[in-house]
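**Q** Sharing a structure, written as structure tokens. Questions coming.
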Amino acid sequence: MIARALYSLLWPLATPLIKHYLRKRARQAPAYLEHWDERFGDALPQAGGEVIWLHAVSVGETRAAQPLVARLREQYPQARFVITQMTPTGRATAEQLYPDAEVRYLPYDNARVMRRFVAALRPRCLILMETEIWPNLLHACAQAGVPAFLVNARLSEKSLRGYRRIGALIRPALRQLRAVAAQSEADARRLALLGARNIQVCGNTKYDITPPPAQLELGRQFRLRTGERPVLVCASTREGEEALILDAWRKAEVGRSLLVLIPRHPERFIAVAQSAIEKGFAVQCRSDNLPVLPETAVWVGDSMGELFAYYVAADVAFVGGSLLDFGSQNLIEPASVGRPVLLGPSTYNFAEAAELALAAKAALQVQNADELVATAVTLLSDADQCEQLAVAARLFTQIHQGASQRCLALLS
């Protein structure tokens, strides 16, 4: 209680710093200045009907909720869905995936604001995706009698060490959860060490995501634009990774192969394209809506919400965030459309999925950019090995499906 009281006192003091941070981010991504009133609790949601509230911090968590939301809609057809995020990209993804839901920002975890927010919304329940632990939010829900669930929950060893430093704050918050649906036994063990109770291992809902038909068709259109050339897609890359990949690509004998770079954050699209140009590559961007010329060496995927399409257009897919110490992005998506998957050494955000994929020979792991490019070039010239990896990738995703249904049973 003392820890949360001190924590609560910090929020009013931190508000000017948060506003400065948002304005700074807005220099590259103007969307950070939009819906300002929601972020600070000046615009509250409207109550009405039976409300199911789901909070997903950004893009990955928002997408992971999709199969669960579909099952909740079937079971509670009269419910109104309110979906909250913390980032502009997460909000844009939610607006695209859930057009009939109310999408808005979750206010920062100010105790007074959270009490007002929960009282205004009056939800039937709160579903938190993955690792969203906000002490004042959970306390406000407990005080209002709103059951809160942590679903598709994951906790890496790195995050466990960080949370343990503030255990006096986090432990009481976790104990206010009605139940936790963990992705794996390892996640469940770490969450229990942190103080969570009533934990069930339900698997990862990301295995249940079905590639949208429109994205599959767009991927085929992308392939028409790239032509018959071998294509390596490096998706959801993080800052610093693109430069390493470009340098390795320039040194290697890549022949006619096309390198596709898709930065994780849209505010970096222009910078990545400019970097490739400065390194001497002929560059095109997806946004030009033109066929990729034979002399183009690098195609920059400067679009949001089209990741499945890029994977469909690939011969080989590298999952970004894994070459440097970012813990990896979602490796399940390229596997689900049957693409050979390459991973770097950093996979702690998808530790179990990476371990299972590697064991199933549905993915290969590389240690650096030079090895990434060398492995990709080998695969691009070996159709038989590519096909073996593709078949294993599809099977890998299929055998691990079912988490959404198990999560629904826990919520019910």
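The values are calculated or read from the model by the stated rules, or taken from the named source; none is laboratory data. Note that this is a predicted model, so its numbers are computed, not measured. Methodologically, a virtual Cβ is constructed for each residue, glycine included, from the backbone with ideal geometry; neighbour enumeration extends over all protein chains shown. Note: areas computed on protein heavy atoms with side chains; ligands, DNA, RNA excluded. Shrake-Rupley method; radii C 1.70, N 1.55, O 1.52, S 1.80 Å.
**Q** Where does the charge balance sit around Asn368 when Lys and Arg score +1, Asp and Glu -1, over other residues with C-beta under 14 Å from its C-beta?
**A** -4
**Q** Take the Cα radius of gyration of the range 72-155 and divide it by 2.2 N^0.38 Å, with N its residue count; two decimals is plenty. Mind showing how you got there, number by number?
**A** Values: Rg = 12.9 Å, N = 84, 2.2 N^0.38 = 11.8 Å.
After normalising by residue count via 2.2 N^0.38 Å, the value is 1.09.
**Q** Excluding ligands and nucleic acids, what accessible area in Å² is computed for Ser381 using a 1.4 Å probe, to the nearest 10?
**A** Near enough 100 Å² of accessible area.
**Q** Would you work out if the range 296-388 is rounded, prolate or oblate? Take a ≥ b ≥ c from the square roots of the eigenvalues of the alpha-carbon gyration tensor; rounded if a/c is under 1.5, else prolate when a/b is larger than b/c, oblate otherwise. Mind showing how you got there, number by number?
**A** On the way: a/c = 1.27, a/b = 1.09, b/c = 1.16.
It comes out rounded by the Cα gyration axes.
**Q** Oh, and also: Using a 1.4 Å probe on the protein chains only, how many percent of the accessible area of the chain belongs to carbon and sulfur? Walk me through the intermediate numbers first.
**A** Details: 9530 of 17710 Å².
Accessible surface attributable to carbon and sulfur in the chain totals 54 percent.
**Q** Scan the range 73-107 for GluC sites (Glu not before Pro) in coil per DSSP, keeping those whose Cβ has at most 10 other Cβ atoms within 10 Å, and list them by number.
**A** On the way: sites: Glu74, Glu95, Glu102; in loops: none.
Nothing satisfies the criteria.
**Q** Once you have the alpha carbon radius of gyration of the range 254-412, what is it after dividing by 2.2 N^0.38 Å, with N set to its residue count? Intermediate values should be presented prior to the final figure.
**A** On the way: Rg = 16.6 Å, N = 159, 2.2 N^0.38 = 15.1 Å.
Here the answer is 1.10, to two decimals.
**Q** For Val231, what residues show an amide H to amide H distance below 5 Å, using hydrogens built from the backbone and excluding near sequence neighbours?
**A** Counting only residues 5 or more places away or on other chains, the set is Leu258, Asp315, Val316.
**Q** Something else about it: Straight-line reach from Lys279: which lysines have a Cα under 17 Å away, not including same-chain ones fewer than 8 places off?
**A** Lys251
**Q** Enter the accessible area of Glu387 (Å², nearest 10), with the probe set to 1.4 Å and all protein chains included.
**A** 100 Å²
**Q** Please figure out what share of the DSSP beta bridges in the chain is antiparallel and state it in percent, rounded to the nearest 5.
**A** Working: 0 of 44 bridges.
Within the chain, antiparallel bridges account for around 0 percent of the total.
**Q** Amide H to amide H, which residues 5 or more places from Val103 or on other chains are under 5 Å from it, using H placed in the peptide plane?
**A** Amide H to amide H, under 5 Å and 5 or more residues apart or across chains, Val103 pairs with Ile83.
**Q** Grab the DSSP H runs of the chain that are 4 residues or longer, score each as -39,500 (n - 2.57), total them, divide by all residues and round the 222 nm result to the nearest 500 deg cm²/dmol.
**A** Numbers: 19 runs with 195 residues, N = 412.
Per the formula, -14000 deg cm²/dmol.
**Q** Something else about it: Suppose every K and R has +1 on its Cβ and every D and E has -1 on its Cβ; what is the size of the dipole of the chain about the Cα centre, in Debye to the nearest 20? Present the calculation step by step, with values, prior to reporting the outcome.
**A** Values: 46 positive and 40 negative charges, 358 e Å.
For this selection, approximately 1720 debye.
**Q** Compute the acute angle (0 to 90°) between the alpha-carbon long axis of helix 135-144 and the principal axis of greatest extent of the alpha-carbon atoms of the chain; round to the nearest 10°.
**A** 50 degrees
**Q** Can you pull the accessible area of Arg406 for me, 1.4 Å probe, Å² to the nearest 10?
**A** Roll a 1.4 Å probe over it and Arg406 shows about 110 Å².
**Q** Roughly what angle does helix 111-121 make with the longest principal axis of the chain, taking Cα atoms, 0 to 90 degrees, to the nearest 10?
**A** 90 degrees
**Q** Helix 213-226 against the longest principal axis of the chain: what's the angle in degrees, Cα atoms only, rounded to the nearest 10?
**A** For helix 213-226, the angle is close to 30 degrees.
**Q** Ranked highest first by the average count of other Cβ atoms within 10 Å around their residues, in what order do 296-303, 170-177 fall?
**A** Working: 296-303: 21.9, 170-177: 19.2.
Highest mean packing first, the order is 296-303, 170-177.
**Q** Tell me, what ³J(HN,Hα) does each residue in the range 231-237 have, in order and in whole Hz, if you take phi through Karplus 6.51 cos²θ - 1.76 cosθ + 1.60 with θ = phi - 60° and put x for Gly and Pro?
**A** The phi angles translate into 10, 9, 9, 10, 10, 6, 6 Hz.
**Q** Describe numerically, in nm with one decimal, the distance between label points set 7 Å from Cα along Cα→Cβ at Glu295 and at Ala26.
**A** 4.3 nm
**Q** Given a 1.4 angstrom probe, what's the average accessible area per residue across the range 296-393, in square angstrom?
**A** Details: 3160 Å² over 98 residues.
That works out to 32 Å² for each residue.
**Q** Distance between the C-alpha centers of the range 225-262 and the range 353-412? Whole Å please.
**A** Distance between centres, Cα-based: 19 Å.
**Q** How large is the accessible surface per residue of the range 101-172, computed with a 1.4 Å probe and reported in Å² as a whole number? Present the calculation step by step, with values, prior to reporting the outcome.
**A** Values: 2710 Å² over 72 residues.
Accessible surface, normalised per residue, equals 38 Å².
**Q** In sequence order, what are the phi-derived ³J(HN,Hα) couplings for the range 88-104 according to the Karplus relation 6.51 cos²θ - 1.76 cosθ + 1.60 with θ = phi - 60°, rounded to whole Hz, with x for glycine and proline?
**A** x, 5, x, 5, 4, 5, 5, 5, 6, 7, 10, x, 9, 9, 8, 10, 7
**Q** Select from the range 269-323 those GluC sites (Glu not before Pro) which occupy a DSSP coil region and have at most 15 other Cβ atoms within 10 Å, ordered by residue number. The partial results should precede the final answer.
**A** Details: sites: Glu278, Glu295, Glu306; in loops: Glu295, Glu306.
Here the sparse-neighbourhood loop sites are Glu295.
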